[in-house]
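A short worksheet on the structure shown next.
Since every read-out is calculated from the coordinates, none of them should be taken as a lab result. Quantities reported herein were computed from a predicted structural model and do not represent experimental measurements. Don't worry about glycine lacking a Cβ; one is built from the backbone with ideal geometry, like all the others, and counts go over all protein chains shown.
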Amino acid sequence: MQDGPGGQRRPSTEPKAVLRAELGRARRATDPRQRAADRAAVGRHVLAWVAERTGPDAVVCGYLPLPTEPLDPAALDRLAGTGVTVLVPRVRPDAPLDWCRYPCPTAAGPFGIREPLGPALGTDAVRTADAVLVPALAVDRSGTRLGRGGGHYDRTLAGLAGLAGLAGTGRRPVLLSPVFDGELADHLPAEPHDVPVDLVVTPLGGVRPARR
Ligand SMILES: Nc1nc2c(c(=O)[nH]1)N(C=O)[C@@H](CNc1ccc(C(=O)N[C@@H](CCC(=O)O)C(=O)O)cc1)CN2
Ligand SMILES: Nc1ncnc2c1ncn2[C@@H]1O[C@H](COP(=O)(O)OP(=O)(O)OP(=O)(O)O)[C@@H](O)[C@H]1O
């Protein structure tokens with residue numbers, strides 16, 4: 001939102017902001033039973049992928065999903081129950097995300113998301129991850145993601161980009177974005193700071209390469 005003449009709030013007409021508003025409306029308009037089935041399907045796909053591709057010693061960065069987001073929170077519990085180390089983000093203003101080990105107590109946080117209250121592991125904890133679930137409102141054919149616009153994940157993923165090819169293992173976490181099937185876009189506005197995701201997870205399509 002921007003301040004309009006006279007100081008009243010009016011919606012931004014910036015292309016990304018318009019897209020976010022449209023995608024948000026579509027999510028809220030989805031039939032709750034369909035949404036629940038979709039969220040459960042995405043959770044199952046994530047669990048199966050982790051079991052197949054990384055195994056029980058894995059570290060997975062997830063997030064505490066909003067009720068309209070395409071990920072069943074129970075999937076995080078099941079993942080943690082398999083022995084996988086699950087981390088969830090804590091927002092810090094104008095900084096990369098901090099991380100807490102899940103499950104942990106949570107409290108109502110900004111933007112309607114639950115805020116984890118466990119000990120803060122620091123922003124570098126994401127570097128230990130084998131996979132990072134990156135929330136998105138849509139993902140396009142080049143893997144460009146449309147997020148909520150806070151830049152929280154952009155700042156977090158920017159630190160990881162430099163990990164590829166580093167001395168040692170040279171590995172960086174695999175980036176997966178859960179989205180609803182209708183949120184695979186042909187083209188989204190991309191900026192230089194946008195880090196593309198590797199994989200998308202949808203209820204019907206399962207886990208697939210983001211580049212199509
Ligand atoms: N579940 C979740 N956790 C996350 C993110 C996210 O997108 N999803 N974030 C990604 O960066 C960060 C928090 N940033 C956010 C920024 C804005 C809004 C937001 O606009 N919320 C709407 C409600 C949307 C809805 O109900 O669907 C609002 O407050 O009106 C949410 C999270 C870190 N944690
Ligand atoms: N690496 C970075 N360092 C500092 N600021 C950044 C970085 N990446 C993005 N930003 C800032 O974050 C703001 C939001 O960027 P953008 O619109 O791409 O968000 P988003 O990807 O939708 O959000 P999110 O990353 O939270 O999911 C922009 O003002 C941008 O300048």
Please give the length that would be gained between residue 26 and residue 124 if that part of the chain were fully extended, namely 0.36 nm times their separation in residues minus their C-alpha to C-alpha distance (nm, one decimal). 31.8 nm
Under Stokes-Einstein, the range 5-209 at 4 °C and 1.567 mPa s, with its Kirkwood radius over C-alpha pairs, diffuses with a coefficient in µm²/s of 74
Relative contact order as a percentage, the chain, C-alpha pairs under 8 Å and 6+ apart, gives 20
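Sorted from largest to smallest, which semi-axis lengths in Å does the alpha carbon gyration tensor of the range 16-56 give for its equivalent ellipsoid, taking the root of 5 times each eigenvalue?
Details: eigenvalues 164, 46, 4 Å².
Over the Cα atoms of the range 16-56, the semi-axes work out to 29, 15, 4 Å.
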If I model a spin label as a point 7 Å beyond the Cα along the Cα-Cβ vector, how far apart are those points for residue 106 and residue 74 in nm? 1.5
Phi-derived 3J(HN,Hα) across the range 176-191 with the Karplus relation (6.51, -1.76, 1.60, θ = phi - 60°), rounded Hz, x for Gly and Pro, is 10, 10, x, 9, 6, 4, x, 9, 8, 9, 5, 8, 10, x, 10, 10
Residues whose placed amide H lies under 5 Å from that of residue 98, excluding near-sequence neighbours: 90, 92
Amide H contacts under 5 Å for residue 131, restricted to residues at least 5 apart in sequence or on another chain and with H modeled in the peptide plane, are 59, 61, 174
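Using helices alone, what [θ] at 222 nm do you get for the chain, with -39,500 (n - 2.57) per DSSP H run of 4 or more residues, divided over all residues and rounded to the nearest 500?
Values: 4 runs with 56 residues, N = 212.
That comes out to -8500 deg cm²/dmol.
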